[in-house]
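**Student:** First, the structure itself, so that you have it in front of you.
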Amino acid sequence: MNIQLVPLHYVYLAFIVLIVAVMIRRRDTTIICVAGIMTIGLLATETLSGAVSGIFNSFVYAAKELLSTIFIISIIVAMSRVLIRTGINEVMVAPLTRFIRSPQVAYWGIGLIMMTVSLFFWPSPAVALVGAVLLPVAVRVGLPPIGAAIAMNLFGHGIALSGDYIIQGAPKLTADAAGLPVTSVMTASIPLVLVMGAVSTLTAFWMLRNEMKRSAGSQLRPPVPGESLNGTSPTEASPGAGVAPVQQRQAIPLRLQKAFALFIPLLFAVDVILMFVLKLQGGDATALIGGTAVLILIAVTLAAHRHEGPEETTNYLIEGFQFGFKVFGPVIPIAAFFYLGDAAITELFSHPLPDGSHGIVNDLGVALAGLVPLNDTVGAITMTLIGAVTGMDGSGFSGISLVGSIASMFAGTADSAPVLTALGQVAAIWVGGGTLIPWALIPAAAICGVSPFELARRNLKPVLLGLTVTTIVAIFLL
């Protein structure tokens with residue numbers, strides 16, 4: 001598989017290295033991403049006007065790709081606000097406090113529930129469902145919102161999505177590309193997913209527990225509407241933290257509180273049943289949850305505000321969308337740059353890559369594969385690296401077909417092919433599916449009211465350690 005690399009590939013790679021270095025130093029990368037977009041646009045169009053226009057067009061492209069996520073986050077936040085201000089959330093979560101009595105139970109409980117729901121419906125709708133119900137309980141027993149976000153992220157976007165044993169979207173893509181039966185890739189992935197999941201979640205829990213002991217949660221407060229993601233002065237509680245905002249509460253009779261507290265979980269339970277019966281996944285499942293949240297918002301607002309209900313419904317939606325776009329604002333420029341590594345480059349700049357190209361990121365993965373000798377040990381290390389590289393566009397799925405085809409090249413025997421294929425799949429999805437790339441993990445971050453960049457930073461060590469141990473295990477399995 002010969003891929004011709006052009007200056008676009010090297011410039012893109014150089015900017016990736018620069019962006020990662022700046023992120024590690026915890027500095028803002030917006031200007032660097034804009035410079036990268038403009039440089040790539042200049043190389044692709046060979047005109048200054050094309051490069052300048054490419055900045056705006058890439059922002060629009062990223063916003064369109066993220067729009068459904070922005071909407072579901074905004075709607076869930078709007079619904080959470082009215083539940084907090086009416087006190088319904090406190091009544092709703094009271095029964096759960098009997099079972100979730102400590103931060104430790106909250107971390108593992110949220111994680112396991114998130115993993116189970118994600119196996120059936122994929123993580124995006126699961127985040128909205130699990131976060132809206134369980135986050136207030138977790139915060140009440142002492143788990144910081146960042147801890148809940150880590151649990152939902154690693155168990156959902158990590159363990160559940162990388163195995164994908166129910167929906168089987170990921171293993172089918174990789175198996176087809178590698179020319180293998182889906183069952184062989186799924187079987188080979190079981191020990192790798194288990195090791196990766198155990199190492200990453202245990203490491204994250206150990207780090208979180210130590211930090212909670214040192215700081216007693218004082219430095220783990222999430223950002224809030226009205227302050228920057230790195231700010232420190234709260235003016236209002238975060239949307240999912242289960243704490244009433246500074247605004248005056250809206251009085252509502254206790255009987256109505258209890259009725260809504262029973263009715264709302266039942267509605268979401270019906271959503272789960274409908275997802276299963278109608279086989280709704282991904283965007284369709286997210287849409288069902290989002291529509292349900294809107295109906296709940298309207299019903300509770302009308303009951304609480306009565307004659308002012310229509311106007312207050314609009315106000316809650318405005319609050320939700322203000323929060324959603326505020327959270328996504330810093331992410332769009334970064335996402336715009338990384339989307340250029342995949343399909344956006346040809347859509348925005350009219351086929352600037354050589355014939356046979358699979359996109360900048362995937363081309364770099366193929367080139368990396370061509371630089372190493374063909375044996376099982378080096379092949380396993382290379383497959384992890386290639387999977388991670390192809391996952392840097394933030395989707396996790398865009399490059400796994402390429403991962404499967406490269407795995408078939410590295411496989412020395414028929415028995416090693418499924419293991420290498422599964423290893424590349426695990427690496428690609430853990431990196432790109434929503435545990436390390438900031439804009440890919442926004443759903444969990446926004447629902448929990450934490451910075452997506454901070455969440456990515458917290459996940460970095462556990463995920464890298466997990467990938468290292470998983471690669472070693474794969475070498476022994478070959």
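**Student:** Tell me, what is the per residue accessible area of the chain in Å², probe radius 1.4 Å? Let's see the in-between values first.
**Tutor:** Working: 19680 Å² over 478 residues.
On a per-residue basis, 41 Å².
**Student:** For the chain, what is the calculated [θ] at 222 nm in deg cm²/dmol (nearest 500), taking -39500 (n - 2.57) for each run of four or more DSSP H residues and dividing by its residue count? Let's see the in-between values first.
**Tutor:** Numbers: 20 runs with 336 residues, N = 478.
Counting only the DSSP helices, I get -23500 deg cm²/dmol.
**Student:** Just add up the charged neighbours of V137: K/R +1, D/E -1, any other residue whose Cβ is under 15 Å from the Cβ of V137.
**Tutor:** Result for the neighbourhood of V137: +2.
**Student:** With 26 Å as the limit, write out which pairs from K64/K326; K213/K326; K213/K258 have Cα-Cα distances beyond it, or answer none.
**Tutor:** K213/K326; K213/K258
**Student:** So what does the Cα-only Debye profile of the chain read at q = 0.10, 0.13 Å⁻¹, as log10 I(q)/I(0), no solvent term?
**Tutor:** One equal scatterer on each Cα of the chain leads to -0.74, -1.19.
**Student:** Share of the chain's accessible area from carbon and sulfur, percent, 1.4 Å?
**Tutor:** Here it works out to 65 percent.
**Student:** If I stretch the segment between A21 and L67 completely, what's the gain in nm (0.36 nm per residue apart, minus their alpha carbon distance), one decimal?
**Tutor:** 13.7 nm
**Student:** Quick one: if you stick a label point 7 Å off each Cα along the C-beta vector at V378 and E311, how many nm between them?
**Tutor:** Label-label distance for V378 and E311, simple model: 7.3 nm.
**Student:** Mind checking which of H358, G434, A422 is farthest towards the positive end of the range 320-478's charge dipole, using Cβ charges of +1 (Lys, Arg) and -1 (Asp, Glu) about the Cα centre?
**Tutor:** Among H358, G434, A422, the one farthest towards the positive end of the dipole of the range 320-478 is G434.
**Student:** Considering only protein heavy atoms, with the full assembly of protein chains and a 1.4 angstrom probe, order R209, R98, R140 by accessible area, largest first. Show your work: numbers first, answer last.
**Tutor:** Numbers: R209 90, R98 165, R140 120 Å².
If we order R209, R98, R140 from most to least accessible, we get R98, R140, R209.
**Student:** Show which lysines lie in cross-link reach of K279 when reach means a straight Cα distance below 20 angstrom and same-chain residues fewer than eight apart are skipped.
**Tutor:** K172
**Student:** Given V372, S189, T313, which one lies farthest toward the positive end of the charge dipole of the chain, if we put +1 on the Cβ of every Lys and Arg and -1 on the Cβ of every Asp and Glu?
**Tutor:** Result: T313.
**Student:** Here is a further query. When only Cα pairs under 8 Å and 6 or more residues apart are kept, what is the percent relative contact order across the chain?
**Tutor:** So the answer I get is 25 percent.
The values are calculated or read from the model by the stated rules, or taken from the named source; none is laboratory data. All of these numbers come straight from a predicted model, not from anything done at the bench. Every residue, glycine among them, receives a Cβ derived from its backbone with ideal geometry; neighbour counts consider all protein chains shown. Heavy atoms of the whole protein, side chains included, go into the accessibility calculation; ligands, DNA and RNA do not. Shrake-Rupley method; radii C 1.70, N 1.55, O 1.52, S 1.80 Å.
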